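These notes concern the structure reproduced below.
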Amino acid sequence: MKIYVHFSTENLANVYVVSDNEGNGIIIDPAYIDRELVDIIENGDITIKAIFITHRHESHTAGVGTLMKIYPADIYASNNEIEGFRTKALHDGDRIRIGSLEIEAILVPGHSIDSLVYRIGDAIFTGDTLFSGTIADTKGYIEKSLLTKSIRQRLMSLPDSTLVYPGHGPISKIRIERMFNVDLLESVGRFRK
């Protein structure tokens, strides 16, 4: 498996291109499509078979229309529609095979009700749920509690070496997040009192 990271300066978001050894590829959260991203795909001899959306916020979906003009592909998301395009709706635990890539959908609500994390091998693509050192913003205390609980139950139970590819910011590992994530450490302190 190959993972290409593209930082979209337009939306200040990470866009990920993941491919297997035969060139079957997917794009996760096409925030913005520019020449650099197209070059990654073309120079890597990657055939885009699918688009995966972590949640429907524009900073993760704005490039869908442009992408579909260049690389028509199936769109997978929690919602039935993204940017005017029909999707193949995913639910918690669903698994999709694209070439030799197996993508597992993990529901982690809190930042938004439709937030999915995608697990591919020893990597997770977290959108706006889990960042390096922090967790996503939420609308209120209840949503933050739900997000923290979801991350603890669904993501912190993964192996230490699992790589974390967030929608914004640098890449991390589950072990590092267990040790240093400020929001997760604060939530442990709150619940121990």
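The values are calculated or read from the model by the stated rules, or taken from the named source; none is laboratory data. Note that the coordinates shown come from a computational prediction; the quantities given were computed from them, not determined experimentally. Note that we place each Cβ from the backbone using ideal geometry, even for glycine, and neighbour counts take in every protein chain shown.
Run down Ser157, Ser112 and say which single residue is loosely packed, with under 14 Cβ neighbours inside 10 Å and either in a loop (DSSP other than H, G, I, E, B) or at positive phi (or both).
Criteria check complete, one pass: Ser157.
Somewhere in region 118-135, is a residue surrounded by fewer than 20 Cβ atoms within 10 Å (Cβ to Cβ), at pLDDT 95 or above, farther than 22 Å from Asn11 by Cα and β-branched (Val, Ile, Thr)?
no
Okay, residues lined up against (1) under 23 Å from Leu147 (Cα atoms); (2) touching a Pro at 6+ places or on another chain (Cβ under 6 Å); (3) at pLDDT 95 or above:
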residue: His6; (1), (2), (3): no, no, yes
residue: Leu12; (1), (2), (3): yes, no, no
residue: His55; (1), (2), (3): yes, no, no
residue: Ala73; (1), (2), (3): no, no, yes
residue: Ala77; (1), (2), (3): yes, no, yes
residue: Arg95; (1), (2), (3): yes, no, yes
residue: Leu101; (1), (2), (3): no, no, yes
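Do we find that Leu147 is crowded, with 20+ Cβ neighbours inside 10 Å, over 17 Å from Ile75 (Cβ atoms), within 13 Å of the chain's Cα centre (by Cα) and modelled with pLDDT under 95 in this structure?
Criteria not met by Leu147.
Identify the residue in region 158-188 that is modelled with pLDDT under 95 and of a type in the set (Asp, Glu) and, among all such residues, is farthest from the chain's Cα centre (by Cα).
Once the filter is applied, the top-ranked residue is Glu186.
Is it the case that Ala89 is over 11 Å from the mean Cα position of the chain (by Cα), farther than 22 Å from Val164 by Cα and not basic (Lys, Arg)?
Here the answer is yes, as Ala89 does meet what is asked.
In this structure, does Phe191 turn out to be within 22 Å of Asp29 (Cβ to Cβ), at pLDDT below 95 and of a type in the set (Phe, Trp, Tyr)?
Working: within 22 Å of Asp29 (Cβ to Cβ): no; at pLDDT below 95: yes; of a type in the set (Phe, Trp, Tyr): yes.
No; evaluated as a whole, the condition is false for this residue.
Suppose we keep only residues that are surrounded by fewer than 16 Cβ atoms within 10 Å (Cβ to Cβ) and free of Cβ contacts under 8 Å to residues at least 40 places away in the same chain within region 160-177. Which one would you say is nearest to His6 (Cα to Cα)?
Top of the filtered list is Pro170.
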